[in-house]
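Let me begin by presenting the structure, written as structure tokens, before commenting on it.
The values are calculated or read from the model by the stated rules, or taken from the named source; none is laboratory data. All values derive from a computational prediction rather than experimental measurement. Here the Cβ positions follow ideal geometry from the backbone for every residue, glycine too, while neighbour counts run over all protein chains shown.
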Amino acid sequence: MSLDYRKALAGERFWDREVEAVFRERGEPVVDCILQNREEVIALCEFIERERIRSYLEIGIWTGRLLSALHRIFRFDLVAACDHRWAETLGLPIRVPPGTRTFWSDSDSPEYRRWRETLGHVDLVFIDANHARFAVERDFEMNRAYPHRFLAFHDIRGTRPGTGGVRRFWNALRRGHKLEIVRPHHELGLDHTTMGIGIWRE
């Protein structure tokens, strides 16, 4: 029987009206929370269950809240994180579960490639780092070169400044198979998404 993911995530804070206000005022969502649409993460959990995802790598973890919540629910056999710790420069803590394999630097480096190779096969790689189109395409090409099942992208329908690169990359991506997780952003009182998650496989 499937877990009630809405209930499992009930204690987690997502991008809500207060986060939106901080973002509009400061140009950064300087809040220690999951910078996602709750409804879309619930659907992502359903995908993870359906596809029996057992290994997970997140590139661009902010404060680690999403990675930690997913690992709490699914207890992955392998959980890994890559981030250059931008949240810490803004005064926020970064926390990851014990045993997380970490790379604390940019994904665009020879060191990242060597680290990624040590992980071996990863079922799901979630890319939520630099949202410029060239960077998203770079992360896509780099990570598809390593053993994986799925590559996922945040903000495929992004409406905020700085997210257009993901949207343009996703819309232009013709090869492989694409699944879109697009749900209303209820915590902003909207009947449409401001974000969107795209999942790709060969």
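Listing for the model above:
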read-out	value
For L3: the one exception among (1) aliphatic (A, V, I, L, M); (2) at pLDDT 95 or above; (3) surrounded by fewer than 17 Cβ atoms within 10 Å (Cβ to Cβ)	(2)
Condition met for L179 (in a strand (DSSP E or B) and crowded, with 21+ Cβ neighbours inside 10 Å)	no
Unique match (being under 16 Å from the mean Cα position of the chain (by Cα) and either under 24 Å from I53 (Cα atoms) or hydroxyl-bearing (S, T, Y) (or both)) among D106, D155	D155
Number of the condition not met by W115 [criteria: (1) of a type outside the set (K, R); (2) farther than 23 Å from L44 by Cα; (3) out of contact with any strand residue (DSSP E or B) (no Cβ under 9 Å at 6 or more places or on another chain); (4) at pLDDT 95 or above]	(3)
Close pairs (6 angstrom Cβ cut-off, 6 or more residues apart or separate chains): more than 23 Å from T63 (Cβ to Cβ) in segment 101-123, basic (K, R) anywhere	D123/R54; D123/R149
Pairs, first part of a helix (DSSP H, G or I) in segment 24-45, second buried (at least 21 other Cβ atoms within 10 Å of the Cβ) and among the hydroxyl-bearing types (S, T, Y), C-beta under 9 Å, six or more apart	E39/T193; E40/T193
Complete set of residues in segment 103-154 that are of a type in the set (D, E) and either surrounded by fewer than 21 Cβ atoms within 10 Å (Cβ to Cβ) or over 26 Å from E39 (Cβ atoms) (or both)	D106, D108, E111, E117, D123, E137, E141
Members of segment 1-23 that are in a loop (DSSP other than H, G, I, E, B) and either among the aliphatic types (A, V, I, L, M) or under 18 Å from the mean Cα position of the chain (by Cα) (or both)	M1, L3, L9, A10, E12, R13, W15, D16
Subset of segment 137-166 that is more than 18 Å from L44 (Cβ to Cβ) and basic (K, R) - its residue that is modelled with the lowest pLDDT	R160
Among the residues listed as G176, G198, the single one being within 24 Å of D106 (Cα to Cα) and not charged (D, E, K, R)	G198
Whichever residue in segment 64-102 is hydroxyl-bearing (S, T, Y) and in contact with a strand residue (DSSP E or B) (Cβ under 6 Å, 6 or more places away or on another chain) and, among such residues, is surrounded by the fewest Cβ atoms within 10 Å (Cβ to Cβ)	T102
